1. Filter the range 193-211 for residues that are open to solvent by 40 Å² or more (accessible area, probe 1.4 Å) and either among the hydroxyl-bearing types (Ser, Thr, Tyr) or assigned to a loop (DSSP other than H, G, I, E, B) (or both) and give the result.
2. Output the qualifying pairs, or none if there are none: Cβ atoms under 7 angstrom, residues six or more apart or on different chains, first residue in the range 121-147 and closer than 21 Å to Pro94 by Cβ and modelled with pLDDT of 95 or more, second residue polar (S, T, N, Q) and buried (at least 21 other Cβ atoms within 10 Å of the Cβ).
3. Which of the residues that make up the range 413-445 are in contact with a Gly (Cβ under 8 Å, 6 or more places away or on another chain) and either open to solvent by 20 Å² or more (accessible area, probe 1.4 Å) or modelled with pLDDT of 95 or more (or both)?
4. I'd like to know if the range 393-412 contains one or more residues that are buried (at least 19 other Cβ atoms within 10 Å of the Cβ), in contact (Cβ under 8 Å) with a residue 24 or more places away in the chain and in contact with a Cys (Cβ under 9 Å, 6 or more places away or on another chain).
5. Please go through the range 303-338 and give me each residue that is surrounded by fewer than 23 Cβ atoms within 10 Å (Cβ to Cβ), over 14 Å from the mean Cα position of the chain (by Cα), assigned to a helix (DSSP H, G or I) and not aliphatic (A, V, I, L, M), ordered by number.
6. Just to check your reading of the model, which residue among Ser270, Ser293 is hydroxyl-bearing (Ser, Thr, Tyr), in a helix (DSSP H, G or I) and in contact with a helix residue (DSSP H, G or I) (Cβ under 8 Å, 6 or more places away or on another chain)?
7. Mind listing just one residue for me: the one in the range 90-118 that is assigned to a loop (DSSP other than H, G, I, E, B) and open to solvent by 60 Å² or more (accessible area, probe 1.4 Å) and, of those, modelled with the lowest pLDDT?
Amino acid sequence: MFEQIGGLSIDLKGIEVVLATKWKQIRMIIVAPLLRVAVLICLVMTLMIFVEKLLVAFICLVVKVFKLKPEKRYKWKPMSPETSDLESGVQSYPMVLVQIPMYNEKEVYKLSIGAACNLDWPADRMIIQVLDDSTDPVVKDLVEKECKIWKSKGLNIRYEVRNNRKGYKAGALKEGMTHYYVKDCDYVAMFDADFQPESDFLKRTVPFLIHNPEIALVQTRWTFVNADECLMTRMQEMSLDYHFKVEQEAGSSAFAFFGFNGTAGVWRISTIADAGGWKDRTTVEDMDLAVRSGLAGWKFVYVGDVKVKCELPSTFKAYRYQQHRWSCGPANLFKKMILEIIANKKVSIWEKIHLIYNFFFVGKVVAHASTYIFYCVMIPLSVLIPEVELPLWGVAYVPLIITLLKSVGTPSSLHLIIPWVLFENVMSLHRIKAATIGLLEVGRVNEWIVTTKLGDASKTKPNMEVVVNNAKDLGEAKVVEPLLGVYKKPQVRIWQRFHMAELWMGVFMFIAGFYDITCAKKGYFFYLFLQSFAFFIIGFNFIGTSINIS
């Protein structure tokens, strides 16, 4: 077939054949071998995750079958005034500090302060410390007045503010420990502003610390007041329930180590000092303290029967920022601490292997990389590049078992397993990006955006954000923050309403699915279309709740 162009006769069919031949040669010699290596790496990562999930599931099964609750593994006696040692003068109720860090928590400050003040513990043996970093003078005034109300009722409550927000939460907690009255306290319970402990929280957790001097931390389980608010909160509940019921339980039972969740836990105060105190070098100050305490030889215990209510982010924007911090921070901490872990002399080689390989590498790096690269990149590429084949066990059987193992945390939501998997695959795009930023220590490595809390889900309010950018660590960071008092609805251009990365991924996977039906016929089109629709739904922001600005 020839066509006349500018007086020249060109053989378009011949050019097409030549280009197709050249592309096939490039594909076979360069592209396909590289993709096969990538597939092999992904399969190895999948097996690493598979083995880890089987291990933690086995540990939790043993704990459940043999009823090895923390009260059986460690000494535990109920708190009672009658158990006081009158001869030695030792009180049965030790002095406990309760810390509540806050930042412009207009919707939830009453809930958290009220829950802390209603803890069933002698008033003269408890100090409640409200660490208020609020920048809105109206909110500061409300929080201070609430503290005065409870103080008038006989509670020993201290309202503490500081003149800067360096280090954000870590900085507030660190400064809070410097006050003169803290020296009288043996233990510190920590609750974020939206957390509401039950009245018997201290009576069920502190005895572990009293009777077991080797224990540094008692971590309790989170439950969610707004889990049924929308599909996105239901899927968050599934992921977090697995984390608490399986991962935390296994870490506590087998290794006496897990990552502190930053809230709903009780620390031995001497441990914090022994581990070097709070540090603001990453956005996961809680995990940083936990790792350093573990390396110092301290043990942790997870008590899943003690539950503390809290709130899940219900807007995709808030959830995406939260996941960036939760993925970037651990990867950054891993980079900063790996040599320290290797050189440590106080823990065994097996504890080091667990910390480096299982806790950090598989849990904080491989999990994100495998999910995104294998299920969102390699599967569609294997359709477009026919020379690349994926083994059925790696693309179907093993992932199915992993998914079922992860779904046991919330059996009531088993019917949501397909949208949950698709949603997690979409989120892996943000998580691998955040983990890479953390490992390379570039860009948004120290970005901190406070998760919006709505309190009552029926209420709406402007989104509050605190962004920390371009700082070596949080201690040097500059904070940019809007106030609540004056708020103007921002003018958002039409393309800024959408999430372009998700939309491009949706287009890519849709094209691969269409090509599979028409040409490749590998049978992946059903998954590719479903996953592309998931990317489109999130890309067009049709997920979570909307916050109306009145």
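1. Glu198, Ser199, Asp200
2. Correct list of pairs: Gln129/Gln99.
3. Ile437, Gly438
4. yes
5. Phe316, Lys317, Lys335, Lys336
6. Within the list Ser270, Ser293, the selection yields Ser293.
7. Going through the qualifying residues, I end up with Gln91.
Let's see how each residue does on (1) open to solvent by 70 Å² or more (accessible area, probe 1.4 Å); (2) under 30 Å from Phe374 (Cβ atoms); (3) modelled with pLDDT of 85 or more; (4) touching a helix residue (DSSP H, G or I) at 6+ places or on another chain (Cβ under 8 Å):
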position	(1), (2), (3), (4)
Glu447	no, yes, no, yes
Lys488	yes, no, no, no
Arg497	yes, no, no, no
Met500	yes, yes, yes, yes
Val507	no, yes, yes, yes
Phe514	yes, yes, yes, yes
Phe525	yes, yes, yes, yes
Phe529	no, yes, yes, yes
Gly544	no, yes, yes, yes
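The values are calculated or read from the model by the stated rules, or taken from the named source; none is laboratory data. Since this is a predicted model, take the numbers as computed values, not measurements. Don't worry about glycine lacking a Cβ; one is built from the backbone with ideal geometry, like all the others, and counts go over all protein chains shown. Side chains are part of the model used for accessible areas, which takes the heavy atoms of the whole protein and leaves out ligands, DNA and RNA. Shrake-Rupley method; radii C 1.70, N 1.55, O 1.52, S 1.80 Å.
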